[in-house]
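Novice: Quick one: this structure, given as structure tokens, is what I'll be asking you about.
The values are calculated or read from the model by the stated rules, or taken from the named source; none is laboratory data. Small disclaimer: the values here were computed from a predicted structure and weren't measured. Here the Cβ is made from the backbone with ideal geometry for all residues, glycine too, and neighbour counts use every protein chain on show. Accessible surface areas use protein heavy atoms only, side chains included; no ligands, DNA or RNA. Shrake-Rupley method; radii C 1.70, N 1.55, O 1.52, S 1.80 Å.
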Amino acid sequence: MIAHQLSIFLENKPGRLEKVTAVLKDKGINIRAMTLATSTAGWGILNLIVDRPQEACRHLSETGHPAVLREIVVVRMADRPGALHDMLVLLANAGINVQNAYGTVLGDGQTAILIIDVEHTEHARQLFTAAGVATLTAEEVYCV
Amino acid sequence: MYWNPHIEQADLPTLRALQAQRLRDTIAHAERSPFYGALFAKCGISTDSIRSVEDIRRLPFTTKEDLRSHFPYGFLTVDKKDTVRLHCSSGTTGNPTVIFHNRHDLDSWSNLVARSLYCAGVRDTDVFQNICGYGLFTGGLGFQYGAERLGALVIPAAAGNTTRQIRLMQDFATTAVHTIPSYLFRLHTAFAEMGLDPARDTALRLFVIGAEPHTEEQRRRIEDLFGVKAFNSYGLSEMNGPGVAFECTCQNGLHVWEDCFLTEIVHPQTLEPVVEGEVGELVFTTLDRQAMPLVRYRTRDLTRFLPGTCPCGRNHRRIDRISGRTDDMFIVKGCNIFPMQIEKILMRFAQVGTDYLILLQTRNGVDEITIQVEMQAAWFTGDLAALEKLARQIVHEVRDEILVTPTVQLVEPGSLPKSEGKAVRVRDERQA
């Protein structure tokens, strides 16, 4: 299964982020990773990796938060200098623009993974596979 | 086709002759009031001053301030015992303005509202749900009496309680609704929340919308949302209330009922008539009101006469929808701006909601204009770049229209302040 991140529109005002986390807490949804991308005009997008994204998206939408699931590509990072660079080169050479990328550590506390938000996820996945880099399934990502 | 065929189809010479006769009657009535009695004596005006409708320009204007300073009986031409109803404004900024009616006036007003509804296509077979405040606000009783006169089955639903409004629509198979445009958006949200589709689950076929300035784009959006035709209604409490000007089924401007309202459009500063077709301030003289006639009353509403004739066959001139009020215009960096100009642009973007707020603030001694618009959840893709592009496009198009560069803030749906009645569109937080 293809992995998804949860993207939520947020106004940059006191208490907005808390309203989102309150919904997730209430439903017992666990956050695995997050980034916050803000515009200069007072609003932004919160990107989350959670254990039950479909359910989280539905609850957020029902409580009035503009929320969507976006396909992402997740790869395991080798623990050596230049590992990130090699992966980004693969994408750059293919003309694929990276909208957002962030890392987290798997549950074993040893393995780093990279979460990449690109326009053409399928293309990116094929490139990684061809280069011998394993992409992670949804199950692997959500249980990080 | 017509409610008052001989009046609605009257040719122009007949209409102007009727106006001249009624204008003389109006002057005769008006001079019995303390206010006009003194004013006409001072200016040397009598019924003899009026030979044709053009002579209206020899008469002085009447303003809201005149109404306030001669509150409550200064404009009354008859004994109080002969009046049967009054409507008055809230008076939050001073004395309220009050309008008195005798039996004749109420009869004339009801007929005008019936004529208006009939020209928009309402018939005696319709079930007419009137969703607006009853009581001092003229939209309640005004439409109640008019729709009853027409013979429709009227539901005096009044304002608020959206769930019950929908229940009434379903229980009695409502076909026509009168309300303010911003309420229809709330109503549509409520339909969706109840899992209902108005096109499938109601018998609605016609809306009458008014009392709140709105753009053509907003009307189209309402029509698309409900799959129902929406007709523009114009009136003001000083001219009875609803039934002053109304759209016919051609939806190409509002016919002013010229047999009852002598209509002028003047430049708000010079008070001279504008060139035909140019925007200016609407000025009305009542032609069929006895208890409290008003002469050359300045409405502060801005519009223009539309050129040409209407295919509907009515010779009563058409005005464009109200483009603003002389008093809701605001000035930023030397540019005169009306909220309607901004709304018109916003409505072009399907990605934004129907609510918006224009914030005027002073930053570092400079006036800044910020427009907050609601993101439509359905258009959200999680793409920051796409949202920034949308905001930039709105900035560009608004700047082209008002000549000032605004800041555009996207806000979450439902987060803008809603008032119980009319929507709040402008908040001026500038330091004087």
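Novice: Just to be sure I understand: with springs between alpha-carbon atoms less than 10 Å apart, which residue in A:Leu60, A:Leu48, A:Leu84 has the highest mean-square fluctuation in the Gaussian network model of chain A?
Specialist: Of A:Leu60, A:Leu48, A:Leu84, the Gaussian network model singles out A:Leu84 as fluctuating most.
Novice: Take the alpha carbon atoms of the range A:54-111, find their center, do the same for the range B:243-302, and report the distance between the two centers in whole angstrom.
Specialist: With the range A:54-111 and the range B:243-302 each reduced to a Cα centre, they are spaced 63 Å.
Novice: Right, another one. Step through the table entries A:Lys13/B:Lys389; A:Lys27/B:Lys389; B:Lys333/B:Lys389; B:Lys344/B:Lys389; B:Lys42/B:Lys80, compare each Cα-Cα distance with 29 Å, and write down the pairs that go over it.
Specialist: A:Lys27/B:Lys389
Novice: Calculate for chain B the 222 nm mean residue ellipticity that helices alone would give, adding -39,500 (n - 2.57) per DSSP H run of length 4 or more and normalising by residue count, nearest 500 deg cm²/dmol.
Specialist: -9500 deg cm²/dmol, from helical runs alone.
Novice: Another question, then. Peptide A:38-49: average number of partner chain Cβ atoms within 10 Å per residue?
Specialist: 4
Novice: With viscosity set to 1.306 mPa s and temperature to 10 °C, compute the Stokes-Einstein D of the range B:330-428, Rh being the Kirkwood radius across alpha carbon pairs; µm²/s, no decimals.
Specialist: Stokes-Einstein gives a translational diffusion coefficient of 114 µm²/s.
Novice: Also: Provide the solvent-accessible area of A:Cys143, counting protein heavy atoms only and rolling a 1.4 Å probe, rounded to the nearest 10 Å².
Specialist: Accessible area, nearest 10 Å²: 100 Å².
Novice: Something else: Using 7 Å Cα-to-Cβ label points, what is the A:Glu122/B:Thr326 separation (nm, one decimal)?
Specialist: 6.4 nm
Novice: Of the accessible area of the range B:1-327, with the probe set at 1.4 angstrom, what percent is carbon plus sulfur?
Specialist: For the range B:1-327, the apolar C and S fraction of the accessible surface comes to 52 percent.
Novice: Could you pull the accessible area for B:Met1 with a 1.4 Å probe, rounded to 10 Å²?
Specialist: The value for B:Met1 is about 130 Å².
Novice: Could you work out, residue by residue across A:5-13, how many beta carbons of other chains sit within 10 Å of that residue's beta carbon, and then give the average as an integer?
Specialist: Mean partner-chain Cβ count within 10 Å for A:5-13: 4.
Novice: Once you treat every alpha carbon in the protein assembly as shown as an equal point and sum by Debye, what is log10 I(q)/I(0) at q = 0.05 Å⁻¹?
Specialist: -0.31
Novice: So which aspartates and glutamates pass the test for A:Lys25, namely a Cα distance under 18 Å, with those fewer than 8 places away in the same chain ruled out?
Specialist: Result set, ordered by chain and number: A:Asp51, A:Glu55, A:Glu62.
Novice: Okay, next question. Report in % the part of the accessible area of the range B:330-428 that belongs to carbon and sulfur, leaving out ligands and nucleic acids; probe 1.4 Å.
Specialist: Ligands and nucleic acids excluded, carbon and sulfur reach 49 percent.
Novice: With the cut-off at 20 Å, report for chain A the share of all Cα pairs above it, as a whole percent.
Specialist: 49 percent
Novice: At each listed q (0.10, 0.11 Å⁻¹), what is the log10 of I(q)/I(0) that the Debye formula gives for chain B modelled as equal alpha-carbon point scatterers?
Specialist: Result of the Debye calculation: -0.75, -0.91.
Novice: Follow-up question, since we're still on this one. What range in chain B is the longest one free of GluC sites (Glu not before Pro) that are in a loop by DSSP and have at most 13 other Cβ atoms within 10 angstrom?
Specialist: Counting only loop sites that pass the neighbour cut-off, the longest clear stretch is B:1-275.
Novice: Separate question: Please average, across the residues of B:373-383, the number of beta carbons from any other chain that are within 10 Å of each residue's own beta carbon, and give a whole number.
Specialist: For peptide B:373-383, the averaged partner shielding equals 5.
Novice: To the nearest 10 degrees, how steep is helix B:216-226 against the longest Cα principal axis of chain B, on a 0 to 90 scale?
Specialist: That works out to roughly 70 degrees.
Novice: Once the Cα gyration tensor of the range A:4-71 is diagonalised, what are the square roots of 5 times its eigenvalues, in whole Å and ordered largest first, as equivalent ellipsoid semi-axes?
Specialist: After diagonalising the Cα gyration tensor, the semi-axes are 18, 13, 11 Å.
Novice: Let me ask something additional. Beyond 15 Å, what share of the Cα-Cα pairs of the range B:126-181 is found? Please give it as a whole percent.
Specialist: 40 percent
Novice: Rounded, prolate or oblate: which fits the range A:62-134, taking a ≥ b ≥ c as square roots of the Cα gyration tensor eigenvalues, rounded meaning a/c under 1.5, else prolate when a/b beats b/c?
Specialist: oblate
Novice: Here is a further query. In square angstrom, rounded to the nearest 10, how much accessible surface does A:Leu36 have for a 1.4 Å probe?
Specialist: 90 Å²
Novice: For chain B, modelled as a Gaussian network with Cα springs under 10 Å, which listed residue fluctuates most, B:Leu306, B:Leu141, B:Leu384?
Specialist: B:Leu384
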